[in-house]
1. Looking at region 10-59, which of its residues are within 18 Å of residue 97 (Cα to Cα), out of contact with any strand residue (DSSP E or B) (no Cβ under 6 Å at 6 or more places or on another chain) and among the aliphatic types (A, V, I, L, M)?
2. Tell me which residues, restricted to region 275-334, are closer than 23 Å to residue 11 by Cα and aliphatic (A, V, I, L, M).
3. I'd like to verify a number: residues in region 123-147 that are closer than 24 Å to residue 293 by Cβ, in contact (Cβ under 8 Å) with a residue 24 or more places away in the chain and within 16 Å of the ligand (Cβ to nearest atom), how many?
4. Where in region 1-86 are there strands (runs of 3 or more DSSP E), lying fully within it, with 1 or more residues that are among the charged types (D, E, K, R) and farther than 18 Å from residue 317 by Cα?
5. If only one of 26, 89, 60, 95 is more than 30 Å from residue 277 (Cα to Cα), in contact with a helix residue (DSSP H, G or I) (Cβ under 8 Å, 6 or more places away or on another chain) and not aliphatic (A, V, I, L, M), which one is it?
6. From the list 163, 186, 150, exactly one residue is in a helix (DSSP H, G or I), touching a helix residue (DSSP H, G or I) at 6+ places or on another chain (Cβ under 9 Å) and within 13 Å of the ligand (Cβ to nearest atom). Which is it?
7. Report, by residue number, each residue of region 42-81 that is among the charged types (D, E, K, R), farther than 27 Å from residue 381 by Cβ and touching a residue at least 12 places away in the same chain (Cβ under 8 Å).
Amino acid sequence: MTPITRVLVANRGEIALRIIRACHEEGLEAVAVYSSADRLSPHVRAADFAVELGDAPPAESYLHIPRLLDAARRTGAQAVHPGYGFLAERAAFAEAVEQAGLVFIGPPSAAIRAMGDKTEARRRMRAAGVPVVPGADEAITDPTVARRLAGEMGYPVMVKAAAGGGGKGMRVVRAEEDLDAALATAGSEALKAFGDASVYIEKFIERPRHVEIQILADAERAVHLGERECSVQRRHQKVVEEAPSMAVDAALRERMGAAAVAAAAAVGYRSAGTCEFLLAADGSFFFLEMNTRIQVEHPVTELVYGVDLVREQLRIARGLPMRVPAGPLAPHGWAIECRITSEDPSNGFLPSTGRLTYLRVPAGPGVRWDSGVEVGNDVTLHYDSMIAKLIVWGQDRDEALRRMVRALDELVIVGVASNQAFQRRLVTDDAFRAGQIDIQFLDRRPDLAEAKPDAALTTAAAIAAALSEDAARHSRKPAVGESDAAHSAWLARARAEGLR
Ligand code: MV4
């Protein structure tokens, strides 16, 4: 096998830049790919080579497998890193990369495929001794069987898409008379979303936390790097993540970690991966699914375990051993990530668009800013709404939270609306600070989306407006922002007044 010296990064935005940085630290060259909408993106300039794929729609660019493989061939890349989203969890893409004689920087396609089918994953996990939610391991073909199973496990139950994940094709059923309708709607939703109408049923876990375990596996061994607390989410989009979790002590961490390592071993896993668990209020936990990719929130794990997960992915893909000590690992300090998005909380979290005209990036002790945009870039509706990840580290949770508030106060974004003020309200909220969170936390707290009147800000705005008005009145020059036609009229008038 030819050694890897050049890696094609089949993604965009912050994760493409993150991977390119890791390549350079590993002494590897990076090839960026980009759509016509991303010509000015930082990831394109950061790479050693860059190939334009096509127009902005993902199907014409970041999802276009032949163009990606062609870009790798033309630039002489020996490996492909898929990042997250786009093609990262398509077993067929991993296979196509391997078929082209390239190394896929991720797990074997068989592991992606096994975990992608949720009933298959449940069967494999149960066989490996990993706790799964009580329920059926086979798709439902007969509503009578569904009624019997649901009756046995007791309501409420959940109907889920076998090909699913991420919340599509999912229904809670609280009484038998609603079961038939739920099977039908979940099935048709699943068919629409995944091209497969198969559904299965599980016991519904009330008000759990979403806690996930990071694993890393090379050719020799698999290890876990503790948990991430991901309960604070809105419509299956995570908003804030932290490591460790207030709900997990060292003993629970080792039990969940052992389950995640067993899950990885059961499918012959390599590279970085994550096992998602529901953690019930009584401390019981259940495997939900495995994410066979590097995840958005991986930095919080990096900060508390001192491991660069993307560099380790690169090492493992090259056949090198991962640089993680064999002994028991423990998290050091506390890390928190706020996803800064262009969603406008005061407008129903609708994604806003615009050109970034000014950006002040938070910095200083314990602050990390992972972003794929800079001043002059347009925030569009072509791709997801994440502008950046603001990540902080502290000796303990309290220090990390204070640091996050400080960093959010430094952040200035001009040109596009953002959820910055929402994040500040969230990380200063009493219930959040007390760790009283579960997957429904944000559903219970619509108040967090409302701007709080700020007396100091109102006074500052009034002073700024008065100063601006006064300056404009005293200026002999025209006010800014006038149209060209008006501009010359203003200019003439100003000159005339200046001669007076
Ligand atoms: C569940 C559940 C409660 N009980 N399964 C949502 C996405 C998919 N990965 C699985 N999901 C859930 N499965 C049982 N048996 C609650 C959810 C769920 C959820 C899970 C993790 C993070 C956020 C969530 C939001 C709503 C529902």
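1. Matches in region 10-59: 59 only.
2. 290, 294, 296, 300, 307, 309, 310, 314, 316, 317, listed by residue number.
3. Number satisfying all stated conditions: 5.
4. 49-54
5. Being more than 30 Å from residue 277 (Cα to Cα), in contact with a helix residue (DSSP H, G or I) (Cβ under 8 Å, 6 or more places away or on another chain) and not aliphatic (A, V, I, L, M) holds for just one of 26, 89, 60, 95, which is 26.
6. 150
7. Passing the criteria: 48, 73, 74.
No value in this document is a laboratory result; all are computed from the given coordinates. Remember, it's a predicted structure, so these values are computed and weren't measured experimentally. So basically every Cβ, Gly included, is an ideal-geometry build from the backbone, and we count neighbours across all protein chains shown.
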